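J.: Take a look at the following structure, please.
The values are calculated or read from the model by the stated rules, or taken from the named source; none is laboratory data. Everything numeric in this text was worked out from a predicted model, so none of it was measured. Ideal geometry is used to build each Cβ from the backbone, glycine not excepted, and the neighbour counts take in all protein chains shown.
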Amino acid sequence: MSQIARVWFGKLPASRVEEYVEYVKSTGVRELRATEGNLGVLVLTRLEGETAEISVISFWDSLAAIEKFAGKDINKARYYPEDHKFLHSLDPELHHYEVAGSFGIPEAPEIRR
(Lines give C-alpha, C1' and ligand atoms only; values in the text may rest on other atoms or scores of the structure.)
Protein backbone atom coordinates (compact mmCIF):
# COMPACT_ATOMS: atom_id res chain seq x y z
CA MET A 1 0.00 0.00 0.00
CA SER A 2 1.24 3.51 -0.69
CA GLN A 3 1.49 6.31 1.81
CA ILE A 4 -1.64 7.72 3.43
CA ALA A 5 -2.41 11.41 4.00
CA ARG A 6 -4.63 12.23 6.99
CA VAL A 7 -6.30 15.61 6.39
CA TRP A 8 -8.03 17.75 9.00
CA PHE A 9 -9.57 21.23 8.49
CA GLY A 10 -10.71 23.86 10.97
CA LYS A 11 -11.88 27.49 11.07
CA LEU A 12 -11.13 30.12 13.67
CA PRO A 13 -10.94 33.90 14.07
CA ALA A 14 -8.15 35.32 11.88
CA SER A 15 -6.87 37.32 14.84
CA ARG A 16 -5.93 34.06 16.63
CA VAL A 17 -4.35 32.08 13.80
CA GLU A 18 -0.71 32.57 14.83
CA GLU A 19 -1.49 31.67 18.43
CA TYR A 20 -3.39 28.56 17.31
CA VAL A 21 -0.60 27.42 14.99
CA GLU A 22 1.78 27.51 17.97
CA TYR A 23 -0.74 25.53 20.01
CA VAL A 24 -1.14 22.94 17.23
CA LYS A 25 2.65 22.58 16.96
CA SER A 26 2.95 21.94 20.70
CA THR A 27 0.08 19.43 20.84
CA GLY A 28 -1.02 17.66 17.67
CA VAL A 29 2.12 18.05 15.58
CA ARG A 30 4.31 16.95 18.48
CA GLU A 31 2.20 13.82 19.06
CA LEU A 32 1.85 13.06 15.35
CA ARG A 33 5.62 13.22 14.86
CA ALA A 34 6.22 11.04 17.95
CA THR A 35 3.99 8.25 16.59
CA GLU A 36 5.80 5.41 14.88
CA GLY A 37 4.91 5.35 11.18
CA ASN A 38 4.41 9.11 10.85
CA LEU A 39 6.36 10.43 7.87
CA GLY A 40 5.81 14.16 8.37
CA VAL A 41 3.24 16.89 8.93
CA LEU A 42 2.19 20.01 7.01
CA VAL A 43 0.32 22.86 8.71
CA LEU A 44 -1.39 25.21 6.26
CA THR A 45 -3.30 28.42 6.95
CA ARG A 46 -5.40 30.74 4.84
CA LEU A 47 -6.95 34.06 5.80
CA GLU A 48 -10.40 34.81 4.47
CA GLY A 49 -11.45 38.18 5.88
CA GLU A 50 -11.97 37.80 9.63
CA THR A 51 -11.84 34.00 9.45
CA ALA A 52 -8.79 31.79 9.16
CA GLU A 53 -8.76 28.27 7.82
CA ILE A 54 -6.19 25.79 9.06
CA SER A 55 -5.35 22.38 7.71
CA VAL A 56 -3.12 19.75 9.26
CA ILE A 57 -1.99 17.10 6.81
CA SER A 58 -0.03 14.21 8.25
CA PHE A 59 1.63 11.52 6.17
CA TRP A 60 1.76 7.87 7.23
CA ASP A 61 3.31 4.63 6.10
CA SER A 62 0.13 2.61 6.82
CA LEU A 63 -3.39 2.65 8.23
CA ALA A 64 -2.08 0.64 11.19
CA ALA A 65 0.31 3.50 12.00
CA ILE A 66 -2.58 6.00 11.94
CA GLU A 67 -4.45 3.75 14.36
CA LYS A 68 -1.55 4.09 16.83
CA PHE A 69 -2.23 7.83 16.90
CA ALA A 70 -6.00 8.01 16.40
CA GLY A 71 -7.33 4.80 17.92
CA LYS A 72 -9.57 2.18 16.29
CA ASP A 73 -11.83 4.71 14.53
CA ILE A 74 -9.21 6.45 12.41
CA ASN A 75 -11.85 8.65 10.76
CA LYS A 76 -12.64 10.36 14.06
CA ALA A 77 -10.85 13.69 14.55
CA ARG A 78 -8.66 13.97 17.62
CA TYR A 79 -8.94 17.21 19.58
CA TYR A 80 -6.91 18.67 22.42
CA PRO A 81 -8.17 20.44 25.59
CA GLU A 82 -7.85 24.03 24.30
CA ASP A 83 -9.12 23.47 20.72
CA HIS A 84 -12.65 24.57 21.64
CA LYS A 85 -11.26 27.97 22.74
CA PHE A 86 -10.00 28.65 19.20
CA LEU A 87 -12.16 26.80 16.68
CA HIS A 88 -15.62 27.76 15.44
CA SER A 89 -16.65 24.08 15.53
CA LEU A 90 -15.14 20.69 16.29
CA ASP A 91 -15.99 18.57 13.28
CA PRO A 92 -16.15 14.93 14.39
CA GLU A 93 -14.50 13.41 11.31
CA LEU A 94 -11.64 13.98 8.93
CA HIS A 95 -10.44 12.42 5.68
CA HIS A 96 -7.74 10.03 4.52
CA TYR A 97 -6.27 9.88 1.05
CA GLU A 98 -3.88 7.50 -0.63
CA VAL A 99 -0.88 9.51 -1.84
CA ALA A 100 -0.79 8.98 -5.61
CA GLY A 101 2.37 11.01 -6.15
CA SER A 102 4.51 13.91 -5.06
CA PHE A 103 6.01 16.08 -7.79
CA GLY A 104 8.61 18.79 -7.29
CA ILE A 105 8.05 19.25 -3.59
CA PRO A 106 11.44 19.74 -1.94
CA GLU A 107 12.04 18.47 1.53
CA ALA A 108 10.77 21.32 3.71
CA PRO A 109 12.79 22.66 6.62
CA GLU A 110 10.94 23.52 9.81
CA ILE A 111 9.44 26.98 9.45
CA ARG A 112 9.89 29.38 12.34
CA ARG A 113 7.79 32.49 12.79
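J.: Looking at the range 76-113, which of the residues that are closer than 16 Å to Leu42 by Cβ and among the aromatic types (Phe, Trp, Tyr) is modelled with the highest pLDDT?
T.: Tyr97
J.: Among the residues of the range 76-94, what is the count of those that are more than 18 Å from Glu31 (Cβ to Cβ) and touching a residue at least 12 places away in the same chain (Cβ under 8 Å)?
T.: Summing the residues that are more than 18 Å from Glu31 (Cβ to Cβ) and touching a residue at least 12 places away in the same chain (Cβ under 8 Å) in the range 76-94 gives 5.
J.: Still on this model: Let me spell it out: the conditions are (1) in a loop (DSSP other than H, G, I, E, B); (2) basic (Lys, Arg); (3) under 13 Å from the mean Cα position of the chain (by Cα), and Arg6 meets all of them except one. Which number is the exception?
T.: Checking Arg6 against (1) in a loop (DSSP other than H, G, I, E, B); (2) basic (Lys, Arg); (3) under 13 Å from the mean Cα position of the chain (by Cα), the one that fails is (1).
J.: Continuing with the same structure: In the list Val17, Val56, Val29, Val21, which residue meets the criterion of being within 20 Å of Ser2 (Cα to Cα), surrounded by 16 or more Cβ atoms within 10 Å (Cβ to Cβ), aliphatic (A, V, I, L, M) and modelled with pLDDT of 95 or more?
T.: When all the criteria are applied, what remains is Val56.
J.: While we're on this one: Among residues belonging to the range 22-77 that are assigned to a strand (DSSP E or B) and β-branched (Val, Ile, Thr), point out the one that is farthest from Trp8 (Cα to Cα).
T.: Thr51
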